[in-house]
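The values are calculated or read from the model by the stated rules, or taken from the named source; none is laboratory data. Just so it is clear, the model here is predicted, and its values are computed rather than measured. A quick note on method: Cβ atoms are made from the backbone with ideal geometry, for glycine too, and the neighbour counts reach across all protein chains shown.
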Amino acid sequence: MLLRFTKMHGLGNDFMVLDLVSQHAHILPKHAKQWGDRHTGIGFDQLLIVEAPSNPEVDFRYRIFNADGSEVEQCGNGARCFARFVLDKRLTAKKRIRVETKSGIIELDIRSDGQISVDMGPPRLVPAEIPFEAPAQR
């Protein structure tokens, strides 16, 4: 499988970004794990996938895989890189981008000074709603 990708970083996190709007592939967790390996792969903290939206009220769909292959809901630094990527690759000319994620819709705002802000929605503070697994409390 031959794919064009971009390496990006934001505030200490590094990302592999795949445009699956203009190229086609079926990405599986095993691919993220292989590519994420810093010794035998490309190496990254997270794989960011840009896809066409399934919801007509948003501009893109955004999927995020950790280097271990697990798919996650959100990443603020990744979202900022995502916005820069779709703008630089001319996938959009919008300055306010609505994006579908695993946890819902987020809004990315590209300011006139080039900085990018992310509205990830209100925080979830109810323990049962937070996707977190840990050993039993001691």
- Note on the structure: Within the stretch 23-34, of all residues that are under 17 Å from Gly78 (Cβ atoms) and among the aliphatic types (A, V, I, L, M), the one surrounded by the fewest Cβ atoms within 10 Å (Cβ to Cβ) is Ile27
- Can you list the strands (runs of 3 or more DSSP E) found entirely within the stretch 54-137 that contain at least 1 residues being surrounded by fewer than 18 Cβ atoms within 10 Å (Cβ to Cβ), touching a strand residue (DSSP E or B) at 6+ places or on another chain (Cβ under 9 Å) and modelled with pLDDT of 90 or more? 60-66, 96-101, 104-110
- For the stretch 1-22, enumerate the residues that are loosely packed, with under 12 Cβ neighbours inside 10 Å and over 16 Å from the mean Cα position of the chain (by Cα). Met1, Leu2, Arg4, Ser22
- Consider Met1 against the criteria (1) at pLDDT below 95; (2) of a type outside the set (Ser, Thr, Tyr); (3) touching a strand residue (DSSP E or B) at 6+ places or on another chain (Cβ under 8 Å): it satisfies all of them except one. Which criterion is unmet? (3)
- Item | Count of residues meeting criterion [among the aromatic types (Phe, Trp, Tyr) and touching a Ser or Thr at 6+ places or on another chain (Cβ under 9 Å)] in the stretch 36-77 | 2
